[in-house]
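The values are calculated or read from the model by the stated rules, or taken from the named source; none is laboratory data. Just so we're clear, the structure is a prediction, and the values are computed from it rather than from any experiment. Ideal geometry is used to build each Cβ from the backbone, glycine not excepted, and the neighbour counts take in all protein chains shown. All accessible areas refer to the heavy atoms of the entire protein, side chains included, with ligands and DNA or RNA removed. Shrake-Rupley method; radii C 1.70, N 1.55, O 1.52, S 1.80 Å.
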Amino acid sequence: MARSMAGKVCIVTGATRGIGKGIALQLGQAGATVYITGRTLTALKGDPVGGSLTDTANEIENRGGKCIPVQCDHSKDSDIEELFNRVSKEQNGHLDLLVNNAYAAVKAISDNIGKPFWEQPITMWDTVNIVGLRNHYLCSVHAAKLMTARKTGLIVNVSSFGGLKYLFNVPYGVGKEANDRMAADCAVELRKMNVAFVSLWPGPVNTENIKELMKTGGFGTDKPASGNMPKVDVAKLFVNGETPEYAGKAIVALATDPNIMKKSGKILITADLGYEYGFKDIDGKDPSNIRQVNELLKMNPKTNWIANFVPNFVYIPKWMLALAGNKL
């Protein structure tokens, strides 16, 4: 049986676990050669979350895919440059897809949930945005050099609804909105070279980290917000959340879409893509969509009860959702 990504060369950053691992698994399963990056080559003993490049690579190989794990610290420019030099050398300058997913701030955000920015460590900005933003730009620069030479390719920034409206903390939201703007502006310059750049918004994803944090009272499940900080019922967000592989299915669909340039520069929501391309999550379900009115109501404890009376088919139009981020 022919596989849709056969012959394609991909890089997925931050693929030891979570969304990055899920994306890499689906790309490998679809027949791509997948380079995966992360800091952990082999699983650490005593780590309750687990995950490593070796684990991800083995699972991809077990599904019949080809995976090349590359230990890489995405806070180091030299590591990033070495990664792309290696891919260019081994694949003769061939790169079809870059997924910017590496992130290093989940625990730091969890540990400081509910605190205003002036009470958080001054290092929070760098913790969130050196790997989660600056690195994405650097990787995109290196990838664009390879892709524009062949006049084909796709770059995906894994972003979030936090780029539109306040979520978790200030550096998080600023970083996510910057990732969305990066995709839009890079797309302008890449269009004439037939290279697409999009920003992908997964919904709430039940990653290994999230499951562990929920179990141990992380993400504010065991503490109130301080002062006038917005209170979000984080636990309820993940009840109908996605598996880490749902985003992978979305990216496979995008990477094999002959009309991908029509989507270049846009923010794409995984659940919308599932409906458009006709795929479900690996558990056979259709995950919740952040445009569903009842899902948005569930985010606030004060409106949570109303969500029970709003049917699933009631959606907020995209133009109206965009107004939520209006600053004029």
- Which one of these is at pLDDT 90 or above and among the small types (Gly, Ala, Ser): 225, 235, 183? 183
- Message: residue 156 - would you say it is hydrophobic (A, V, I, L, M, F, W, C), on the phi < 0 side of the Ramachandran plot and assigned to a helix (DSSP H, G or I)?
- Response: no
- Note on the structure: Residue count, the stretch 304-318, condition assigned to a helix (DSSP H, G or I) and either without any contact (Cβ under 8 Å) to a residue 60 or more places away in the chain or open to solvent by 100 Å² or more (accessible area, probe 1.4 Å) (or both), comes to 6
- Yes or no: residue 321 within 29 Å of residue 178 (Cα to Cα), in a helix (DSSP H, G or I) and in contact with a Lys or Arg (Cβ under 9 Å, 6 or more places away or on another chain)? yes
- When residue 173 is run through (1) in contact (Cβ under 8 Å) with a residue 24 or more places away in the chain; (2) within 21 Å of the chain's Cα centre (by Cα), the failure sits at (1)
- Message: I'd like to verify a number: residues in the stretch 159-181 that are of a type in the set (S, T, N, Q) and in a helix (DSSP H, G or I), how many?
- Response: 1
- Quick check: anything in the stretch 165-179 among the hydroxyl-bearing types (Ser, Thr, Tyr) and crowded, with 19+ Cβ neighbours inside 10 Å? yes
